[in-house]
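See below for the structure under consideration.
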Amino acid sequence: MKEFTHIDEDGAVRMVDVTDKAATDRRAVAEGRIVMNRDTYERITDTRVKKGNVLETARIAGVMAAKRTSEVIPMCHPLFITGARVDFYPEPENHAFRIEAEVRVKGETGVEMEALHAVSVAALTVYDMCKAYDKGMTIEGIRLMAKSGGKSGVYQREGA
């Protein structure tokens, strides 16, 4: 089992020092889903939500979240993100949207948290904009799908 890198020998939490790590191209992809009732799904796909275009607003929120991850996750390093995208994949049979975020950086530490944060905030934005129609929406399955770069190399979730 690997050692926890955010805990020192005395058990105190610390930010990992990445000063001596090589800057490499790093990429992470995360996904999640938001499931809702049929009426809410149709309002979103037909852009009939009173607050505006839900998916475009959520896309912007997700990208903004990726860029500000270090402000809400205490031990994350502030990163100069070189690329971020958030996409939505309709699942009409489930009245759901799969949300996927990809984040890239050339740096000393990875962007997994930034991709996960982007998906989370995008899903929360959909919820916020549509809660007047459907308080029972469910956000689920937020997970890392792939990452590359850095010392630990490539990770690809099985079945992805």
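Considering segment 16-69, the residues that are modelled with pLDDT under 95 and in contact with a His (Cβ under 7 Å, 6 or more places away or on another chain) include one that is nearest to GLU108 (Cα to Cα), namely VAL18. Has segment 9-16 got at least one residue that is surrounded by 10 or more Cβ atoms within 10 Å (Cβ to Cβ), of a type in the set (Val, Ile, Thr) and farther than 18 Å from THR69 by Cβ? Among the residues of segment 9-16, not one is surrounded by 10 or more Cβ atoms within 10 Å (Cβ to Cβ), of a type in the set (Val, Ile, Thr) and farther than 18 Å from THR69 by Cβ, which makes the answer no. Annotation: of all residues in segment 146-160 being touching a residue at least 40 places away in the same chain (Cβ under 8 Å), out of contact with any Phe, Trp or Tyr (no Cβ under 9 Å at 6 or more places or on another chain) and open to solvent by less than 60 Å² (accessible area, probe 1.4 Å), the one that is farthest from ARG48 (Cα to Cα) is GLY150.
When THR125 is tested against (1) surrounded by fewer than 19 Cβ atoms within 10 Å (Cβ to Cβ); (2) in contact (Cβ under 8 Å) with a residue 60 or more places away in the chain; (3) hydroxyl-bearing (Ser, Thr, Tyr); (4) out of contact with any strand residue (DSSP E or B) (no Cβ under 7 Å at 6 or more places or on another chain), only condition (1) is not met.
Against the list (1) touching an Asp or Glu at 6+ places or on another chain (Cβ under 6 Å); (2) acidic (Asp, Glu); (3) under 30 Å from VAL18 (Cα atoms), the condition ASP87 fails is (3). Name every residue in segment 68-84 that is closer than 13 Å to GLU102 by Cβ and surrounded by fewer than 16 Cβ atoms within 10 Å (Cβ to Cβ), in order of residue number. Result: THR82, GLY83. Of the residues making up segment 91-115, those that are farther than 18 Å from TYR41 by Cα and either open to solvent by less than 10 Å² (accessible area, probe 1.4 Å) or modelled with pLDDT of 95 or more (or both) are ALA101, GLU102, VAL103, ARG104, VAL105, LYS106, GLY107, VAL111, GLU112, MET113, GLU114, ALA115. The set of residues in segment 21-67 being crowded, with 16+ Cβ neighbours inside 10 Å and in a loop (DSSP other than H, G, I, E, B) consists of MET36, VAL49.
The values are calculated or read from the model by the stated rules, or taken from the named source; none is laboratory data. Quick caveat: nothing in here was measured; it's all calculated off a predicted structure. Every residue, glycine among them, receives a Cβ derived from its backbone with ideal geometry; neighbour counts consider all protein chains shown. Quick note on the areas: whole protein, heavy atoms, side chains included, nothing else; ligands and nucleic acids left out. Shrake-Rupley method; radii C 1.70, N 1.55, O 1.52, S 1.80 Å.
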